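Only the coordinates and a few stated rules stand behind these numbers; no lab work does. Note that the structure is a prediction, hence the values are computed from the model and not measured. Note that we place each Cβ from the backbone using ideal geometry, even for glycine, and neighbour counts take in every protein chain shown.
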Amino acid sequence: MMSTARPDEPVTRLVRRGPVTVAPTVTLRELSEVLVREEVGVALVVVDAKAVGLVSERDLVRAVAEGHDVDDDRVEDVMTFEVVAIDSQETITAAADQMLDGEIRHLLVSDGDKSLGVISIRDVLSAHRAA
């Protein structure tokens, strides 16, 4: 879906839905099923409604390539523990800068302690292309 947002607009313009979430104890197979069902490339890992990590398709592929067992190994075995977030009122350009500087492909968009959604580099690029 092409964005109609402009780079100078708030990053919330790119959030299409709340974050897809999984528990750290979910198996890698269950994670893959969630990603396919929800048609997303990343899930927020939560414990007691608090983000404790992020797990992406790339993490899953890397885990399989390293020999992880998709039925026994868990999200907590392969997830990224550092959740990088951006405030909901920051601009899309600020999100692009943060992604480039941090060499990351996904950002959690938050409003205080509330997680609004996760945006991808594709979302950001679409906004820049639309401009």
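Worth a mention:
- According to the Cα-based calculation, Rg over Rh for the chain is 0.99, with Rh computed by the Kirkwood formula.
- Inter-part distance, segment 1-55 to segment 73-98, computed on C-alpha centroids, equals 10 Å.
- The gain in end-to-end length when the ASP87 to ILE121 segment is fully stretched comes to 10.6 nm, 0.36 nm per residue minus the alpha carbon separation.
- FRET efficiency for the ALA23 to ARG129 pair, using the beta carbon distance and R₀ = 41 Å, is estimated at 0.70.
- Scaling the Cα radius of gyration of segment 57-101 by the globular reference 2.2 N^0.38 Å produces a ratio of 1.61.
- Positive-end residue, the chain charge dipole about Cα centroid, Cβ charges, pick of ALA63, PRO10, LEU108: PRO10
- With only Cα atoms counted, segment 86-130 has Rg and Dmax values of 10.0, 31 Å.
- Qualifying GluC sites (Glu not before Pro) for segment 1-103 [loop in DSSP, other Cβ within 10 Å: at most 14]: GLU39, GLU66, GLU82, GLU103
- DSSP-loop trypsin sites (Lys or Arg not before Pro) across segment 1-62, with at most 13 other Cβ within 10 angstrom: ARG16, ARG17
- What you get for the chain, charging only the Cβ of Lys and Arg (+1) and of Asp and Glu (-1), is a dipole of about 600 debye around the Cα centre.
- Debye-formula intensities of segment 14-85, expressed as log10 I(q)/I(0) at q = 0.12, 0.16, 0.29 Å⁻¹, are -0.27, -0.49, -1.49 (one equal scatterer per alpha-carbon, no solvent).
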